[in-house]
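Everything on this sheet refers to the single structure shown next.
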Amino acid sequence: MDRLRIVGGQRLQGAVTIAGAKNAALPQIAAALLSPYPLAIANLPAVTDVENMLGVVELHGAKVERSPHAATIDAGEAVSKETSYDTVRRMRATLLVLAPLLARFGHARVSMPGGCAIGARPVDMHVKALAALGADIAIESGHIVASAPQGLTGTRIVLSSPSVGATETAMMAATCAKGETEILNAAREPEVADLAACLNAMGAEIEGAGTHRILINGGRSWRAATHTIIPDRIEAGTYAVAAAITGGQLELIGARLEHMASVVQLLEVAGVSVWPGDRGLMVSRDGPLRAADLTTEPYPGFPTDLQAQFMALMCCAEGAALLRETVFENRFMHVPELMRLGANITLQGTTALVRGGASLKGAQVMATDLRASVSLVLAGLVSEGETIVNRVYHLDRGYEQLDRKLRMCGAEIERISA
Ligand code: UD1
C-alpha cells in the first residue's frame, strides 16, 4: 500500500487546477444507463471512485471509451444484472445504478451497502422514493430487489430529509415515469443540479434542481448527449485550507465562489482572505489564524465533506473552536489521528472542541476514509518533521494527484510506493 511522506513547514504558493467534481461524476455515470444513446462526459476527474463507477456500468453491458479527463458511455446494449455486495461495499455510490436500471428495464437487483466507516448510512429514502413511483421492493438475501413491469408512474415524493443520494435516485427514476413527478425537500447540492443538467442534455425534462422542489416531466425521449462536469467544490475547499494552514497563497483555477459561500464565509472568520480571480478563486493568509465554530449541514450549509479539513485548520488557530457534525453520526475518525500529531481535541458525541495553538509534530498516521485522510495530509504540512500518511488509496478515491499538486506549490511531499 502506498504511503505519503510529508515534511512540514513549507508555505504553499502557486496555482492548483481544480478537477471535475467526483460527487457529480458518479451519479452521471450511473445515469448513462438510462438511455440507449451515448453520453459523453467531459471534465471527469481521474480518481479511483470514477474508475470503479465506470467499471460498474461496464459490468451492466455499457461500452466505455476513456480519455484522461473524459469518457463516452454507450449503454445501447446494457442489461440489468445483479450488482454484488462486493461492488457496493467497495463504493457505496454504486447504489446509484438501482434507479436507472429499474427505470429502463423494469427490474433491478442491487446489494444493500451495509455500514461504512462514517456511519450506518441507511437506504430507506432511496427505497421509499422508488416505491412511491410504483416499484415493488423486496429485500432478498441482502439485496434490494426492485421491479416495475408495467413501468413507473409520476407522483409527489416528500423526502424526510434532503438526502443527496435519495434525491438523485428519485430524479433519475422519475425521468422514465409516466406523467409528472414532484420531489419536495430535495437536496440542493450543486451536484444534484449538475445531474439534472446532464439528464436534460440526454433528453429529460427537469426543472428546479438546486432548489427544495424539483419537477420532472417523465417519459421524454432520449438522445445522444455531451455534458461537462462542474468543478469539485470539496477539492477546492481542501486546497483553500492548505493555503490557510501554511500561511500561503493559492490560486484555485476553476473554483466557483457561488458553490462555496459557507466555506468562504468561515475562512474569512478564521482570518483567511478569499477573492475571485480571473481564473477562479484566490486564497491567502498572512495574519494570525483565528478559531471559528462550524456546524455541518446540507447545502448551502457548511459541507460535512470539509469538516475534517477545517478541524486540522482549527488545531493551528488561536483560541478554541466547536465543530458540530449533524449530517453523519460517526465522522470523527480523524480525531485520534490528529491527536497523534499533537492536536488538542475533546470529543463529545457529535461535537468536537478543538483547542488551537497546538504545535504539531510529525508522526505515522492513517485514516479510514477519504476526507479524514486528507485532513492528516493538511496537518502534516504544518507539523514539525516527518509525517507518514498510510493507506493512500483512500486519497486516490477522490483527489486527483494530490501529492503532485501540493508539491507543485512548494510542499515537501512524496509518495512512497509499497
Ligand atoms: C453524498 C456524498 C457524500 C457527502 C454526502 C452529504 C456522493 C457520492 N456522496 O453522500 O460525499 O458526504 O452526500 O453531503 O455524492 N440517509 C438516510 N436514508 C437514506 C439516505 C441517507 O437516513 O436513504 C442519511 C445518511 O445516513 C446521512 C444523511 O442522510 O446521515 C445524508 O446522506 P446523503 O445526503 O444521502 O449522502 P450520500 O448521498 O450518501
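Values as computed for the structure displayed
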| quantity | calculated |
| --- | --- |
| Within the accessible area of the chain (1.4 Å probe), percent carbon and sulfur | 50 |
| Net charge over other residues, Cβ less than 10 angstrom from the Cβ of GLU168 (K, R count +1; D, E count -1) | -2 |
| Rule-of-thumb Rg ratio for the chain [Cα; 2.2 N^0.38 Å; N residues] | 0.98 |
| Span from the the stretch 67-101 Cα centroid across to the the stretch 325-395 one, whole angstrom | 32 |
| The stretch 400-418-the stretch 1-37 distance, computed between alpha-carbon centres (Å) | 14 |
| Where the chain is the region considered: accessible area per residue in Å², 1.4 Å probe | 38 |
| Cα centroid separation, the stretch 190-208 to the stretch 215-270 (Å) | 17 |
| Global geometry of the stretch 22-228, whether rounded, prolate or oblate, following the gyration tensor of its Cα atoms and the 1.5 cut on a/c | rounded |
| Sum of -39500 (n - 2.57) over DSSP H runs of 4+, divided by residues of the chain (222 nm, nearest 500) | -9000 deg cm²/dmol |
| Net lengthening on full extension, ASP136/GLN348 (0.36 nm per residue, minus Cα-Cα) | 72.2 nm |
| Residue pairs, from the table LYS22/LYS178; LYS22/LYS405; LYS63/LYS128, whose Cα atoms sit over 25 Å apart | LYS22/LYS178; LYS63/LYS128 |
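The values are calculated or read from the model by the stated rules, or taken from the named source; none is laboratory data. Not measured: the values here are computed from a predicted model. Glycine also receives a Cβ, built like all others from the backbone with ideal geometry; neighbour counts cover every protein chain displayed. Just so you know, the surface numbers come from the protein's heavy atoms only, side chains and all, with ligands and any DNA or RNA stripped out. Shrake-Rupley method; radii C 1.70, N 1.55, O 1.52, S 1.80 Å.
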